[in-house]
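Here you go, one structure.
Rule-based calculations on the coordinates, nothing more; no lab input. Owing to the predicted nature of the structure, the values given are computational and were not obtained by experimental measurement. So basically every Cβ, Gly included, is an ideal-geometry build from the backbone, and we count neighbours across all protein chains shown.
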Amino acid sequence: MPHQTERLSADTASLARAAEILRNGALVAFPTETVYGLGADARQGEAVAAIYAAKGRPSFNPLIVHVADTATAQSYVQWTPQADKLAQAFWPGPLTMVLPLQANHGLSPLVTAGLHTIGLRVPAHPAAQALLRQFNGPVAAPSANPSGRISPTTAQHVMAGLNGRIAAVLDDGPCAVGVESTIIGFDGPHAVLLRQGGVSLEDIEVTLGAALRSHTNSAITAPGQLSSHYAPRGTVRLNATTAEDSEHLLGFGAIDGILNLSPSGNLAEAAANLFGHLHLLDAMGGPIAVAPIPMHGLGRAINDRLNRAAAPRD
Ligand code: TXA
Ligand code: MG
């Protein structure tokens, strides 16, 4: 279904146009503070199905549903005291919570991929907030990239991957956080880490006053956590201190390369630069080597994405 992808800005008229496109059941890519999302009305099955088609996603993984505020989120799920603590601390922001759905939620079953839970997020980005308020409904949105490829942190990244496959992209500049949201589920009273992301595990544990469980020893399922993902075309070698042969080295801190995620060794800056630098190295072609990234704070989410970029593909 080739068509022209409309390029919209974040002014009032463009936001109204983007909301209209969503109401018509078509796809709009929009910025969040983590990455650009590929949005569809979460109540319209055909619109949600079009997300999978545009991304070339092989299977129906559950999608995150974006809403404007905590009150709207509460109207879809069975809310809990732990969810409330996390919402108060981190919403709006780069956190997704997976909670049991209420009856009569009105969302397309394709959004949940048949599960009885749903991932909800209240994004902080002003353009995302404005779009959600204009649209006045739930927006299902995975990252706006072809399945398995590097996530988009600019509208240019979105166009490079999906031009002609989606109705519109709302351009409001680069994403400040740069890695996807942290996903937390619940196993009874225990909070479970389903995906590392823009809120650090340390900050969540401080807020909850308890350690997070890993999903590998919990009863809940974490679909869609494929090992090969975020992949550039070239191979990726991790924990490199120098480039070998034709490799391009992606540096961090004092280990410098053709690009550096953060010359000062700042993990927030490195997260914000991660996908943009990988897109640039992808465009240069050839194998990629990456300097070691410390395993704390946002470094955990960065290492998670790098491990999957380096994972064997088939
Ligand atoms: O930052 C982000 O989270 C971005 C922006 C656009 O908001 N979105 C994003 O969506 O990364 P996506 O589709 O790539 O992440 C969906 C993942 C699924 O693959 C799954 O791991 C988890 O969220 N998920 C969603 N609903 C779930 C559920 N009911 N149970 C378990 N995991 C779920
Ligand atoms: Mg993604």
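Once you place label points 7 Å from the Cα toward the Cβ at D187 and S246, how far apart are they in nm?
4.5 nm
Helix-only mean residue ellipticity at 222 nm, the chain, DSSP H runs n ≥ 4 weighted -39,500 (n - 2.57), per residue, nearest 500. What is it?
-9000 deg cm²/dmol, from helical runs alone.
Another one. From the Cα gyration tensor of the chain, with a ≥ b ≥ c the square roots of its eigenvalues, which class applies: rounded if a/c is under 1.5, or else prolate if a/b is larger than b/c, or else oblate?
Oblate.
Would you mind calculating the gained length between R23 and S264 on full extension (0.36 nm times residue separation, minus the Cα-Cα distance), in nm to one decimal?
82.3 nm
Give me the percent relative contact order of the chain, please, defined on Cα pairs under 8 angstrom at least 6 residues apart.
Relative CO of the chain lands at 20 percent.
Measuring from label point to label point, each 7 Å out along Cα→Cβ, what is the T235 to D256 span in nm?
Label-label distance for T235 and D256, simple model: 2.8 nm.
Follow-up. Counting just the Cα atoms, what span does segment 51-203 cover along each of its three principal axes? Round to the nearest Å and put the largest first.
Cα spread of segment 51-203 along its principal axes, largest to smallest: 44, 31, 30 Å.
What is the set of long-range amide H partners of Q102 at a cut-off below 5 Å, with H atoms built 1.01 Å from backbone N?
Amide H neighbours of Q102: V77, Q78.
Oh, and also: Can I get the semi-axes of segment 236-310's equivalent ellipsoid? Compute them from the C-alpha gyration tensor as square roots of 5 times the eigenvalues, in angstrom, largest first.
18, 12, 11
Let me ask something additional. Roughly how far apart, in whole Å, are the Cα centres of segment 25-40 and segment 223-302?
Result: 25 Å between the Cα centres.
Something else now. Would you work out the Kirkwood radius for segment 66-117? I mean one over the mean of 1/r across all pairs of different Cα atoms, in Å.
For segment 66-117, inverting the mean 1/r across all distinct Cα pairs yields 11.7 Å.
Tell me the volume per residue, in Å³, of the convex hull enclosing the alpha carbons of segment 156-314.
In segment 156-314, the Cα hull volume divided by residue count equals 149 Å³.
List every residue whose amide H lies under 5 Å from the amide H of L194, counting only residues 5 or more places away in sequence or on a different chain, with H placed 1.01 Å from N in the peptide plane.
So L194 has HN proximity to I183, I184, G185.
OK, next. Starting with the highest mean, order 202-210, 278-286, 264-272 by the number of other Cβ atoms within 10 Å, averaged over the residues of each peptide.
Numbers: 202-210: 13.8, 278-286: 17.3, 264-272: 19.0.
In descending order of packing, they fall as 264-272, 278-286, 202-210.
Given a Förster distance of 30 angstrom, what is the FRET efficiency for Q88 paired with A219, based on the Cβ-Cβ distance and rounded to 0.05?
0.70
Got a sec to turn the phi values of segment 45-59 into Karplus ³J(HN,Hα) couplings, 6.51 cos²θ - 1.76 cosθ + 1.60 with θ = phi - 60°, whole Hz, x for Gly and Pro?
Result, ordered by residue: x, 5, 5, 5, 4, 5, 4, 4, 5, 5, 7, x, 6, x, 9 Hz.
Further question: Taking segment 177-245, how much of its Cα-Cα pair set, in percent, is spaced more than 21 angstrom apart?
Here the long-distance tail beyond 21 Å is 42 percent of all Cα pairs in segment 177-245.
Can you give me the Cα centroid spacing of segment 76-91 and segment 94-157 in angstrom?
When both Cα centres are located, 17 Å separates them.
R0 = 22 Å: FRET efficiency of T12 with A71, Cβ-based, nearest 0.05?
The computed FRET efficiency comes out at 0.35.
Just to check I understand the Karplus step: with θ = phi - 60° and J = 6.51 cos²θ - 1.76 cosθ + 1.60, what whole-Hz values come out for segment 262-271, glycine and proline as x?
6, x, 8, x, 8, 5, 5, 5, 5, 4
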